[in-house]
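What follows is one structure encoded as structure tokens, with my remarks underneath.
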Amino acid sequence: MGPPTENSASPSPIDRRAAAGLMGPLTGLVALAGSAILAVDRTRMRVDGKDDGSPVTEADLAADRIIADGLHRLAPDIPALSEERVAQARAGCAEVFFLIDPLDGTKEFVAGRNEFTVNLALVVKGTPLLGIIGAPALGLIWRGLVGQGAERLATGRGSEQGNEHGFGPPQPIRTRPFPPPGHPWIAAVSRSHGDAATEAFIDRRPGAIRERLGSAIKLAKVAEGAVDIYPRLAPTSEWDIAAGHAVVTAAGGKITDATGGELRFGQGTKKGAKDFIVPAFIAWGDPRAA
């Protein structure tokens, strides 16, 4: 991803050089978590319901254990907030923390589809600095470091190596310019979580082509220039989008709230999972369109 550069902004608890040093080991950790997910027999696994009605499986929990153990080993001084351990969250008290969704797209996973991901982000002062999205069933990882670029790697489907030797050469990725007036643009939309406000937003752009996808793959497709925009004008959780936020930003795009404002992460911890809600967001491939 090129040589590290110092952050010229105000002093940070962790700078890009330190984050860049973590990128390789964290990528291996995401790959290992993905391998654990693929090892689960979807036809026989147990599926439970969480308090919010969403499903959780043994694959979610296996991936979460691998990531928790790995982060404790790699960066023991940095707190971690995971979807599966949100009751233990103290991210709101930390300027630097990891934000994890060990299996994003559990509904896709349970349904037998391949559009599920492992999401890991490093958040600094409320903004994702580093993000990794692993799609183990597709054999792909997208990763990015803000200010330094983004790239895609092939992992070798089902690889258990989980390190740089199991990856193909990294391919730089970049968002694409927004189509000029009169030309169709492509909007990523959720396969499992449609909502009226998002559909109305897209309908106001005549000629838009909907690309239905699952999990954080929608954000990865914005980052690599395959789609132009991903609007989600309904609530979602911070761990669903933090890694993609970093990858899209590193690739040249921008993610805003519904009014074009900045998103902030890790702001609430006192009342549990509902405090980690993002009311709405829009991922723009071309930041000039935001």
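Summary table below
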quantity	calculated
Exclusive hit being of a type in the set (Gly, Ala, Ser), closer than 23 Å to Ala150 by Cβ, modelled with pLDDT of 95 or more and not assigned by TED's automatic domain parsing to the domain that holds Ala137, set Ala280, Ala246	Ala246
Gly214 vs. criteria in the same structural domain as Gly252 (by TED's automatic domain parsing), in contact with an Asp or Glu (Cβ under 6 Å, 6 or more places away or on another chain) and modelled with pLDDT of 80 or more	yes
Any hit, the range 253-275, residues being out of contact with any Gly (no Cβ under 8 Å at 6 or more places or on another chain), within 27 Å of Val110 (Cβ to Cβ) and crowded, with 16+ Cβ neighbours inside 10 Å	yes
Pick from the range 109-124, criterion outside any loop (DSSP other than H, G, I, E, B) and over 16 Å from the mean Cα position of the chain (by Cα), ranking: surrounded by the fewest Cβ atoms within 10 Å (Cβ to Cβ)	Val110
Boolean, Arg174 is at pLDDT 95 or above, basic (Lys, Arg) and touching a Ser or Thr at 6+ places or on another chain (Cβ under 7 Å)	no
The lone exception for Ile229 - which of (1) at pLDDT 95 or above; (2) under 18 Å from Arg152 (Cβ atoms) it fails	(2)
Selection from the range 125-145 of residues that are outside any loop (DSSP other than H, G, I, E, B) and surrounded by fewer than 24 Cβ atoms within 10 Å (Cβ to Cβ)	Thr127, Ala137, Leu138, Leu140
Residue match in the range 220-231 (condition: surrounded by fewer than 16 Cβ atoms within 10 Å (Cβ to Cβ) and either over 27 Å from Thr27 (Cβ atoms) or assigned by TED's automatic domain parsing to the domain that holds Glu84 (or both))	no
Unique residue being touching a helix residue (DSSP H, G or I) at 6+ places or on another chain (Cβ under 8 Å) and modelled with pLDDT of 95 or more when the list is Gly156, Gly144	Gly144
Qualifying residue in the range 76-98 (condition: touching a residue at least 24 places away in the same chain (Cβ under 8 Å), at positive phi and surrounded by fewer than 21 Cβ atoms within 10 Å (Cβ to Cβ))	no
Pair list, Cβ under 6 Å, 6 or more apart: the range 185-210 residue without any contact (Cβ under 8 Å) to a residue 40 or more places away in the chain, other residue part of a helix (DSSP H, G or I) and surrounded by 12 or more Cβ atoms within 10 Å (Cβ to Cβ)	Ala208/Ile202
Among the candidates Arg205, Arg232, residue that is within 29 Å of Phe97 (Cβ to Cβ) and of a type in the set (Lys, Arg)	Arg232
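The values are calculated or read from the model by the stated rules, or taken from the named source; none is laboratory data. Everything numeric in this text was worked out from a predicted model, so none of it was measured. Glycine also receives a Cβ, built like all others from the backbone with ideal geometry; neighbour counts cover every protein chain displayed.
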